[in-house]
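Everything below concerns the one structure shown next.
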Amino acid sequence: TKTRDNIVRGIDSVFSGFSAIDDDFYEELEEILIMGDIGVNATTAIVERLKQQVKEKHIKEPSECKQLLIESIKEQMQVDETAYDFEKEQSVIMVIGVNGVGKTTSVGKLAGKLKDEGRKVLIAAADTFRAAAGDQLAEWASRADVPMIGGKEGADPASVVFDAVNAAKARGVDVLLVDTAGRLHNKKNLMEELRKMNRIIDKEFPNAHRENLIVLDGTTGQNALVQAREFGEVADLTGIILTKMDGTAKGGIAVAIQSELKVPVKYIGVGESIEDLQKFNSDEFVNALFDV
Amino acid sequence: MAFESLTDKLQNVFKNLRSKGRLTEEDVKSALKEVKMALLEADVNFKVVKQFVKAVEERAIGQDVMNGLNPGQMVIKIVNEEMVNLMGSETTEIAMQPGKAITVIMMAGLQGAGKTTATAKIAGKLKLKGKKPLLVACDIYRPAAIEQLQINGKKQEVDVFSMGTDHKPAEIAKKAIAYAEKNGHNVVILDTAGRLHVDEDMMAELQEIKETVTVHQTLLVVDAMTGQDAVNVAKEFDEKVGVDGVILSKMDGDTRGGAALSIKAVTGKPILFVSMGEKLSDLEQFYPDRMASRILGMGDVLSLIDKA
Ligand SMILES: Nc1nc2c(ncn2[C@@H]2O[C@H](COP(=O)(O)OP(=O)(O)OP(=O)(O)O)[C@@H](O)[C@H]2O)c(=O)[nH]1
Ligand SMILES: Nc1nc2c(ncn2[C@@H]2O[C@H](COP(=O)(O)OP(=O)(O)OP(=O)(O)O)[C@@H](O)[C@H]2O)c(=O)[nH]1
Ligand SMILES: [Mg+2]
Ligand SMILES: [Mg+2]
């Protein structure tokens, strides 16, 4: 189930039942979007925009409507080519998010990918809290064949970050990946700890290209929007890694986040192996949204 | 949050209403539109919302408005009753085997849901009740899964059984139960790997455990932040493996947890516990009525209704 080969089939079945653009048609569209976790607000906005266009362009056929809608979401979700510049520059990437979403796994996958591209990679184990977090990341570092710093349970994560940044500079590392502990965005202390880590990187390595990637579980509902907003408050978000997209969830909340917070999805996680990380493809993503 | 504002919205809907007699179709419909939105914002599954709203509508139209309530509150009262109806009003305990017999509990769920943490938490709870639990490392895939369980077991001062990563989970479970019999353990908790409900091989692995040993309770751990897909997950786990109860994790967040309602509506299985944090003592009894007002965001109105 790692590829999404049954994508295209779905879209047409959605629209085929309608011969006119009427309330039922719009309602069905709304249902599909909401079932994909896009949320009530974003869905209403998307459908309103569509209605406007239908009126302005005098569209009569449901099929034309479908194309319009798909194109507009695709365009919205499009990622700039510059989004991946950090892969080629000297950069520090902090990977953040709530508990269990796939941060450590994504760090491992990203390390493997960058290493394959010939980059010199270093991993910092700044989750010193969760049981065996360091062991888990060490296993990923070994799979990716890159060195790792830190990982002692109970150590101060900020000091791990400090050490790692300085090691990265001293060793001439291209990309430093920082794995952080899972934390819920409503935990004040833990969020302040993250702010501090972010500041240390800025201060210790001002010339580095900075990325803060928030990892969101593709299965998550409306709370992911709050997560993105709150994490963005303590560390500027530069992108999303949307994980567990090999399941049946559609990850539609990313659309709401893109429209409200303008944070693009950069990668998707499609499994538990090291190669299961893909650059985000807006066409495939939107097609899958309509696969019912 | 949309939570608080449902009360306001409903008050607005009924602001211009003078009638105090019976709920008219129009009253009910406009109120339920707001309720529907609130439920969707809380991540209750769309289909469940539709069914639910229909049931409420049928019951509410023509009902007498109780003294002391306005029509909006009356609708909410019915909504709440229907919701408690659906969620059940009683708390449920894990069913234990009688006497000295060993109770075997198997944890199951998607990746990262909180199974390993919940395994250790439940062990702690049972230990307090005088049981002697054994934790079993049946996750042979996730890097450092065994170490994680061992560390948590140590913190809880309960034994952890593992055979490394080269044996099948069913075989590990079997050996663990033999070990438990020999060493006087009366509860065995199997921590299994996270898996997708659509992953046939991995789902078959859980079936194999159940065919190999007697599992008395299969507990599905579900992240409270799960969106519309929660119903698919719960249904598939129940159909393919059989689920006896649900644990709702990460409820210390600010999600409204509509997944709870969806899962209950689709599987009918009781929610046993809510997990409220990363500390191993953060496991609480599940109270359906509290969950109902959390999903609806109507705590204040409910207490008002109670007084009426
Ligand atoms: N199916 C699937 N599973 C994934 C994916 N990414 C991560 N996982 C699994 O999700 C679980 C949690 O992943 P972790 O990388 O430990 O998540 P984390 O965010 O680091 O978790 P904490 O550090 O505990 O907050 C593991 O079982 C991973 O194998 C994915 O894209 N697809
Ligand atoms: N805030 C919070 N975090 C939790 C809760 N339960 C578990 N976690 C965290 O969620 C993450 C995943 O928990 P695990 O117990 O490893 O989840 P799992 O289901 O065993 O994961 P896999 O074995 O990878 O499928 C860890 O960071 C836990 O500390 C909870 O109730 N609240
Ligand atoms: Mg981690
Ligand atoms: Mg686990």
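The values are calculated or read from the model by the stated rules, or taken from the named source; none is laboratory data. Note that the structure is predicted; figures quoted are calculated from it, not measured. Glycine gets a Cβ as well: all are built from the backbone with ideal geometry, and neighbour counts include every protein chain shown.
Filtering B:K47, B:K129 for residues that are surrounded by fewer than 24 Cβ atoms within 10 Å (Cβ to Cβ) and within 22 Å of B:K279 (Cβ to Cβ) leaves a single hit, B:K129.
Residue count for region A:205-237 satisfying the condition of being among the polar types (S, T, N, Q) and over 13 Å from the mean Cα position of the chain (by Cα): 3. Exactly one residue among A:A124, A:A144 is more than 14 Å from chain B (Cβ to nearest Cβ), of a type in the set (G, A, S), buried (at least 17 other Cβ atoms within 10 Å of the Cβ) and within 16 Å of ligand 1 (Cβ to nearest atom), and that residue is A:A124.
Look at (1) surrounded by 23 or more Cβ atoms within 10 Å (Cβ to Cβ); (2) within 14 Å of chain A (Cβ to nearest Cβ) and you find that B:V187 fails only one, number (2). Kindly indicate the residue of region B:62-104 that is hydroxyl-bearing (S, T, Y) and exposed (fewer than 15 other Cβ atoms within 10 Å of the Cβ) and also farthest from the chain's Cα centre (by Cα) among those meeting that condition. Of everything passing the filter in region B:62-104, B:S89 is farthest from the chain's Cα centre (by Cα).
Within region A:1-59, the set of residues being surrounded by 15 or more Cβ atoms within 10 Å (Cβ to Cβ) and modelled with pLDDT under 85 comprises A:R4, A:I7, A:G10, A:I11, A:V14, A:F15, A:F18. Criterion applied to A:V161, A:V226, A:V234 was being of a type outside the set (K, R) and out of contact with any Gly (no Cβ under 9 Å at 6 or more places or on another chain), and the one residue passing it is A:V234.
Selection of region B:145-169 for residues being part of a loop (DSSP other than H, G, I, E, B) and hydrophobic (A, V, I, L, M, F, W, C) yields only B:V158.
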